[in-house]
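Heads up, the thing below is written out as structure tokens.
Only the coordinates and a few stated rules stand behind these numbers; no lab work does. These numbers were taken from a predicted model, which means no experiment stands behind them. With ideal geometry, Cβ positions are generated from the backbone for all residues, glycine too; neighbour counts draw on all protein chains shown.
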Amino acid sequence: MPNVTRLECSLCARRFEPRQIHNLCPCGGTLFVRYDLPAIKATWSRDALRSARPDLWRYLPVLPPQRPESIVSLGEGMTPLVRTHRLGAATGAQNLWVKDEGLNPTASFKARGMTTAITMARELGIRKIAIPSAGNAASAAAAYAAAAGIEAHIFMPKDVPQSNYIECKTLGATVTLVDGLISDCARMVAEGKDQEGWFDMSTLKEPYRVEGKKTMGYEVAEQFDWNLPDAIFYPTGGGVGMIGMWKAFDELEQLGWIGARRPKMIAVQAEGCQPIVRAFEQHASRSEFFQNASTLAAGLRVPKPLGDVLILNILRESAGTAIAISDEEILDAGRELASLEGIFAAPEGAACVTAARKLLADQFLKPTDRIVLYNTGSGLKYLETYSATT
Ligand SMILES: Cc1ncc(COP(=O)(O)O)c(C=O)c1O
Ligand SMILES: [Zn+2]
């Protein structure tokens, strides 16, 4: 980790030694990895990327492992950024793009966070991990743990998509189906970890998943030739991708690769679980636990995101917003995106289509704005959901 200088609490800025195992700061904040960006700037250039490997490890100088041989990779990242003319015409956007994360290993963007987190688990000598998950993070954790020879213990709500359950079992993980929400699964991991010797890989409770997710920000910048879009729609459950992209933009500016301009960051949630939308509308600095959370977009069923303060700050700093979409609208949008563009999206990603249409209609965005929708996973993971309505 020659380029890593320290870990730093994202809330209170307390510093931690990087070559040790950490979860949260005592204040409850997520730890961020900090790099010696001036030194990196002196030796790394955008041109060097022309010959870099075609996955997210092309950004190795700003990724956490000390030894390249620690890397556990299945070819994640560098997903297509697709210009969607027909969907654009249907939604009133002249310059609309979909970043299709469904093409990652295990068919979702969760592969990005897990390649870095499992890499660091291997580097730090961790033998057993445990994770609560709405489904896709579990599949990615199981895959990368298998590739690294690390034991994976997974806790998922019992109504998780079948594909995730079957995938995790086949990948050799120990799976517990829980009669409850992801928050109940998280409690079971927290209660069992000391006795079982598990490292807790929960969203934002370890420092390295954000590092993998931030590469979505590096990639969108690179794919647009270092000229960021005007708006980014991101389906927000735990919000790690949004937090990661925002960190990436900050690092890219310090590297001198982009300027100060930022996209409007737009958090898309489901009507049945919208803690961030509520908090944003109420001008609150943190969210309240969303009671009776329910939506078919499994990844958005996070009633109290741990990173709520960070997410809300990003929405405000970027002059973005937060918007909730109904389950019916989500499925209609999934069918529209599929039939107009050939992209079979996860419901979480499909929600962004309706969100964009609404924000264009009420003139929050201009028709000429360059807009990117993140499709965070493949619709193939959600066959029960789609088959119930086709
Ligand atoms: C397909 C999909 N999209 C979005 C999310 C939400 O991700 P984040 O925690 O980064 O907000 C998830 C989380 O499970 C997911 O599986
Ligand atoms: Zn702190």
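Data for the structure
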{"read-out": "Any chance Met156 is outside any strand (DSSP E or B) and away from ligand 2 (no atom under 16 Å from the Cβ)", "value": "no"}
{"read-out": "Neighbours by Cβ (under 7 Å, 6+ apart or cross-chain): first from segment 142-169, closer than 16 Å to Gly377 by Cβ; second basic (Lys, Arg) and buried (at least 19 other Cβ atoms within 10 Å of the Cβ)", "value": "Pro161/Lys381; Ser163/Lys381; Asn164/Lys381"}
{"read-out": "Count - residues of segment 122-141 that are of a type in the set (A, V, I, L, M, F, W, C), touching a residue at least 40 places away in the same chain (Cβ under 8 Å) and within 15 Å of ligand 1 (Cβ to nearest atom)", "value": "4"}
{"read-out": "Count - residues of segment 330-340 that are closer than 14 Å to Leu373 by Cβ and surrounded by fewer than 22 Cβ atoms within 10 Å (Cβ to Cβ)", "value": "3"}
{"read-out": "Condition met for Glu76 (among the acidic types (Asp, Glu) and more than 22 Å from the chain's Cα centre (by Cα))", "value": "no"}
{"read-out": "Qualifying residues in segment 1-18 (those that are within 17 Å of Gly212 (Cβ to Cβ), among the hydrophobic types (A, V, I, L, M, F, W, C) and surrounded by 18 or more Cβ atoms within 10 Å (Cβ to Cβ)) - the one nearest to ligand 2 (Cβ to nearest atom)", "value": "Leu7"}
{"read-out": "All positions within segment 19-51 that are away from ligand 2 (no atom under 16 Å from the Cβ) and surrounded by 18 or more Cβ atoms within 10 Å (Cβ to Cβ)", "value": "Tyr35, Leu37, Trp44"}
{"read-out": "Where Glu206 falls short, out of the listed (1) buried (at least 22 other Cβ atoms within 10 Å of the Cβ); (2) under 18 Å from Lys381 (Cβ atoms); (3) of a type in the set (Asp, Glu)", "value": "(2)"}
{"read-out": "Residue tally, condition in a helix (DSSP H, G or I) and within 30 Å of Asp36 (Cβ to Cβ), over segment 54-95", "value": "10"}
{"read-out": "Among residues of segment 1-37, those that are touching a residue at least 24 places away in the same chain (Cβ under 8 Å) and not in a loop (DSSP other than H, G, I, E, B), counted", "value": "11"}
{"read-out": "Helices (runs of 4 or more DSSP H) within segment 180-265 that include 3 or more residues away from ligand 1 (no atom under 15 Å from the Cβ)", "value": "182-196, 215-223, 240-254"}
{"read-out": "Contacts under 7 angstrom Cβ, first residue in segment 52-80 being free of Cβ contacts under 8 Å to residues at least 24 places away in the same chain and among the acidic types (Asp, Glu), partner assigned to a loop (DSSP other than H, G, I, E, B) and surrounded by 22 or more Cβ atoms within 10 Å (Cβ to Cβ), 6 or more apart", "value": "Asp55/Glu76; Asp55/Gly77"}
{"read-out": "Qualifying positions in segment 129-154 - surrounded by fewer than 24 Cβ atoms within 10 Å (Cβ to Cβ) and touching a His at 6+ places or on another chain (Cβ under 7 Å)", "value": "none"}
{"read-out": "Elements of type helices (runs of 4 or more DSSP H) contained in segment 267-346, each with 1 or more residues being farther than 20 Å from Gly379 by Cβ and β-branched (Val, Ile, Thr)", "value": "275-281, 308-317"}
{"read-out": "Test result for Pro61, surrounded by 14 or more Cβ atoms within 10 Å (Cβ to Cβ), over 21 Å from Met242 (Cβ atoms) and more than 16 Å from ligand 1 (Cβ to nearest atom)", "value": "yes"}
